[in-house]
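The values are calculated or read from the model by the stated rules, or taken from the named source; none is laboratory data. Model, not experiment: these values are computed from the prediction. Methodologically, a virtual Cβ is constructed for each residue, glycine included, from the backbone with ideal geometry; neighbour enumeration extends over all protein chains shown.
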Amino acid sequence: MNIPVWIKPAAYGAAIGGVVVAIVGFSWGGWVSGGSALASANAAALQSRTDLASAICVQNFMADENARANLNELKALRDNQQRTYLEEGTWAIMPDQDAVTRDTAILCARMLSALEPEELPVVENQEVVEPGIVIDPEESSAPLDAEPAIEDPA
């Protein structure tokens, strides 16, 4: 069987080219293996659960009858004490869990620390007596699909 002379260099070129493409793809092209893709997906899922649980924690905190007083107490504490304060309260415990996750309590504390007591509703007998500061999206001057403006603090 006669093999043309050009086959050998073409085969070497294809093999070397494949290796180069793989190296470039995994190094700079954004390619990932199945294992690292799975790890990234699991990390994203955990973060989304933490975000959701933190939002629920804030809602539970705001629905408490003593929300404004509790927020003043929370804001008077240091960061690590805020986490402990929320862990000891029932606000951050999710319906299907017995305990609070640390990341949820930390994020919930950060979100609550950004609020002012006047922004929280006043709740008595599980009814909102005073709604607090509510932003009506229809009264906003910016359209809903507009990019938010970032102001330079300087």
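Here are the numbers for this structure:
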quantity: Pairs with Cβ under 6 Å, 6+ apart, first in the range 58-75 and in contact (Cβ under 8 Å) with a residue 12 or more places away in the chain and at negative phi, second aromatic (Phe, Trp, Tyr) and not in a helix (DSSP H, G or I); calculated: Asn60/Trp91; Phe61/Trp91
quantity: Any hit, the range 85-98, residues being polar (S, T, N, Q), at pLDDT below 90 and over 21 Å from Ala114 (Cβ atoms); calculated: yes
quantity: Output for the range 85-118, where each listed residue is assigned to a helix (DSSP H, G or I) and crowded, with 16+ Cβ neighbours inside 10 Å; calculated: Tyr85, Leu86, Glu87, Asp103, Thr104, Ala105, Ile106, Leu107, Cys108, Ala109, Leu112
quantity: In the range 25-58, the residues that are touching a Phe, Trp or Tyr at 6+ places or on another chain (Cβ under 9 Å) and surrounded by 10 or more Cβ atoms within 10 Å (Cβ to Cβ); calculated: Gly25, Val32, Ile56, Cys57, Val58
quantity: Residue in the range 69-84 that is assigned to a helix (DSSP H, G or I), surrounded by 17 or more Cβ atoms within 10 Å (Cβ to Cβ), in contact with a helix residue (DSSP H, G or I) (Cβ under 9 Å, 6 or more places away or on another chain) and hydroxyl-bearing (Ser, Thr, Tyr) present; calculated: no
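One line per residue, one yes/no per condition, for (1) closer than 30 Å to Pro121 by Cβ; (2) among the aromatic types (Phe, Trp, Tyr); (3) at pLDDT 90 or above:
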site: Pro4; (1), (2), (3): no, no, no
site: Ile16; (1), (2), (3): no, no, yes
site: Phe26; (1), (2), (3): no, yes, no
site: Val32; (1), (2), (3): no, no, no
site: Ala63; (1), (2), (3): yes, no, no
site: Ala67; (1), (2), (3): yes, no, no
site: Glu73; (1), (2), (3): yes, no, yes
site: Ile106; (1), (2), (3): yes, no, yes
